[in-house]
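Let me begin by presenting the structure, written as C-alpha cells, before commenting on it.
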2 protein chains.
Amino acid sequence: MVVYAAQGDARRSMGLLWREGSADSARPGPRPALSVEMIIEAAIGIADADGMSGLSMRAVGERLGRTAMALYTYVANKNELLDLMYDHALAELPADYSGHAEWRDALTAWARDNWDFFLRHPWLLQVSDARSVLGPNEFQTVETLVVILDRLELPAKDVRRLVGTLTTYVRGAARRAVEARAAQAETGMSDDEWWLTRSSLLAEVAPDFSQRYPALTRLESGRAFQMEDESVPYLEQEARETFRAGLATVLDGIEVALRRARIA
Amino acid sequence: MVVYAAQGDARRSMGLLWREGSADSARPGPRPALSVEMIIEAAIGIADADGMSGLSMRAVGERLGRTAMALYTYVANKNELLDLMYDHALAELPADYSGHAEWRDALTAWARDNWDFFLRHPWLLQVSDARSVLGPNEFQTVETLVVILDRLELPAKDVRRLVGTLTTYVRGAARRAVEARAAQAETGMSDDEWWLTRSSLLAEVAPDFSQRYPALTRLESGRAFQMEDESVPYLEQEARETFRAGLATVLDGIEVALRRARIA
DNA sequence: AGCTGATTCCTTAGGGTGTAAACTGAGAGT
DNA sequence: ACTCTCAGTTTACACCCTAAGGAATCAGCT
C-alpha cells in the first residue's frame, strides 16, 4: 500500500513537522508519558526492522508499553505518523557536498548517500513523494541538491527538471535493490535458489524460448557470471551495477546539456 | 504494500503463466463456471478502477457473482493472482518499433508507450519487478527493448545496463505521475487547493524559510506558472515535463557512450 | 482542602483484510 | 446405483485501523 500525505488537520500536522522549542506549558491532566518524538522513533525502529507491513499502530504502542489507542492523542492517524517518520528520517542525509571540487563528483557522492540511505530505510520508498510532506528536512534535501546543481549555472528551469530527474532515478534504482532484498526475506529463498528452480521450469514450459525471444537469448547467452562480492546476493549486486552505470549515463547527459548551454 | 512473486507451487504458477491450449479433459465433478482468464480480467478491472487498495479477493469474487473462496480453486493465493494480472496486462504494450528509423525516436516512442501504459494501470507499479514473474509477456517487453538497443551495436554488458537504466527511469517517472493522481483522488483535494492551504501554513510556521533554504527560494522565486493544459492537474503536468526532460538527458548520455565506443 | 475541567490512556466495538478447514452437492466413470 | 473427485460455500481466525466513550490524573482556582 502506498501512503499519501495526511489529509487531517493541516495546521496541526504542519505544527508537528516544524515543532522546535517544545513550549512545555503546564497543562491540566496527567503528565504525558510519551512524546511525539518517542513515537516517531519507535515507529521508525519497527519499520526499519520489519518493513512497512510490520508497522502497525498496535506494534508501535506495544514497543512503548501502551496500546494502539494511546498514540492517537499524540498523532491524528497512521498517515500523519508516516509523514512525521518520513521527515524525521530525512534528517540523516548529509547536507554538504562542498568538499567535492567537481560537480560530477559531488553528484555521484550525493547519489551514493541517497542509495545507502534508502537501503537503510527501505520503507521510505513506500511513502509517496508526489505531494511532498513539506517538512523541514525534506526541504533541506532539496536545498542540498540545488546547491550542488547551482554550480552548473544552468537556467532555473533546467535545474528544476534535473532535481526531478535525479531524485526519480535514484529512488527508482534504490527501489530495485530494496525489492530484491525484500523478496529474499519474504520468500525465504535466495536469489540463486529461486533462479535455479524457475529457470529449469522455464525450459520445460517454454521449450521454444530461444526462437520466441531471439534478441534476449543472444544477449544473455554471452553472459559472464562474475560476482564481485559473494556476500551480496545476486540481484542486489545487479541493481547496484545498473545504478552506477545509469547514473554515469545521466551525468554524461547533463554534461551534454552544459556544453549546449555554453555554446548558446 | 509491495507484493512479491508467488512463493507457492512454482510449477503450478509457471503452468498458469504459460498456459496455452487449454486441454479440456473431461473430469468428474461440476463443470467449472469460472476460468483463470475470467478471474484475471475481473481483477484487472477492479485494480484499474479502484487501485490496489480496492483489490480484494472478496471484491473479485463479488464481481463474478461468487464468494472470495471460490477463486481459490483456480488460483493458489492473491500473490499468484497478482503475478498473472501483471503478465496479462503487459500484453497490451506494443512490441514493434522498427517503424522508427532513428534509435532515438524508437526509444522515445517506447518510453512514451510505457508511460501511457503505467498511467492506465497504475497498480502495476506496486507489483515488484525485482524478481521477475517470468511470464511470456514480461519476456516480450524485454525482447522489444533489446531489439531497439541492438541497433546501437554496443557490447552486451552495456545493453544489459541500459535495459535496467531505462526501465528504472520510466517506471520511476511514471510512478510520480501516478502518485500525484492518486493523492488527488484519495484526499479529494485538487493540487491547487492543497498547495494553497499548505503554502500559507508554511509561511506561518516557518517564517525564516528564505534564510534557511536560500538556493531553493531563489530557484522557485523566478518561476513562471504557465500551464500548458488546464485540464491536467499541476503536479501531473510537472511530472510529465520532468519525464520528458529526464529522458532526453538519458538519451544524450547514451549518445556519449556511443561516441566513446566508436572511438575505442 | 476541595472542586472543576482539561487531558491522557484504556476498553470496547465495528468494519475491513487474507485464507485455513470443513462441508455441500454436482456429475463422470464404473 | 454407487463412488470418487472437485467446484463452491460457510464458518472461523487472526490481523488491521480507528470511532466512541469511560476512567484516571492533575493544574489552577476557589
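Derivation of every value follows stated rules applied to the coordinates shown; laboratory data play no part. Just so it is clear, the model here is predicted, and its values are computed rather than measured. Cβ placement follows ideal geometry from the backbone for every residue including glycine, while neighbour counts extend to all protein chains displayed.
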Using a 7 Å offset from the Cα along the Cα-to-Cβ direction at both residue B:196 and residue A:187, what is the distance between the two label points in nm, to one decimal? 4.9 nm
Compute, for the protein assembly as shown, the length of the dipole vector about the Cα centre, with Cβ point charges of +1 (Lys, Arg) and -1 (Asp, Glu) only. Units Debye, rounded to 20. 160 debye
Could you size up the charge dipole of the range B:46-177 around its Cα centre, putting +1 on the beta carbon of Lys and Arg and -1 on that of Asp and Glu, and report it in debye to the nearest 20? 480 debye
Nearest-ten-degree value, helix B:103-120 long axis tilted from longest Cα axis of chain B: 70 degrees
Shortest-first distances to equivalent copies, position residue B:109, nm, label 7 Å out along Cβ: 4.4
Calculate the FRET efficiency for residue A:72 and residue A:209 from the Cβ-Cβ distance with a Förster distance of 51 Å, rounded to the nearest 0.05. 0.40
Most exposed to least, judged by fewest other Cβ atoms within 10 Å, A:157, A:78 sort to A:157, A:78
GNM on chain B, C-alpha springs below 10 Å: top fluctuator among B:214, B:155, B:136? B:214
So for R0 = 30 Å, FRET eff. of residue A:41-residue A:153 from the Cβ-Cβ r, to 0.05, ends up at 0.15
How far is it, in nm, from the label point at residue A:116 to the one at residue B:119 when both lie 7 Å from their Cα along the line to the Cβ? 3.8 nm
May I ask you to evaluate 6.51 cos²θ - 1.76 cosθ + 1.60, the Karplus curve with θ = phi - 60°, for each residue of the range B:230-239 and list the ³J(HN,Hα) values in order in whole Hz, giving x for glycine and proline? 4, 6, 8, x, 3, 5, 5, 5, 4, 4
Which whole-Hz ³J(HN,Hα) couplings does the range A:194-200 yield from phi under the Karplus relation 6.51 cos²θ - 1.76 cosθ + 1.60, θ = phi - 60°, glycine and proline marked x? 4, 5, 4, 4, 5, 5, 6
Who wins for biggest fluctuation among B:200, B:221, B:231 in a Gaussian network model of chain B, springs between alpha carbons below 10 Å? B:221
Fewest to most neighbouring Cβ within 10 Å: what's the order for B:169, A:72? A:72, B:169
So which residue, out of B:53, B:190, B:13, gets the largest mean-square fluctuation from a GNM of chain B using Cα contacts under 10 Å as springs? B:53
Rounded to 0.05, the calculated FRET efficiency for the beta carbons of residue B:92 and residue B:56 at R₀ = 22 Å is 0.40
Per DSSP helix of 4 or more residues, -39500 (n - 2.57); summed, then divided by the residues of the protein assembly as shown. What does that give at 222 nm, rounded to the nearest 500? -21000 deg cm²/dmol
Length added when fully stretched, residue A:18-residue A:259, from 0.36 nm per residue minus Cα-Cα: 82.7 nm
Relative contact order of chain B, defined on C-alpha pairs under 8 angstrom at six or more residues apart (%): 20 percent
Can you sort B:202, A:17 from fewest to most other Cβ atoms within 10 Å of each residue's own Cβ? B:202, A:17
Measuring nothing but label to label, 7 Å from Cα along Cα→Cβ, what are residue B:151's distances to the other copies in nm, shortest first? 3.6
Residue-wise HN-Hα coupling along the range A:252-264, computed from phi with Karplus coefficients 6.51, -1.76, 1.60 (Hz; x: Gly, Pro): 4, x, 5, 4, 4, 4, 4, 4, 4, 5, 5, 5, 5
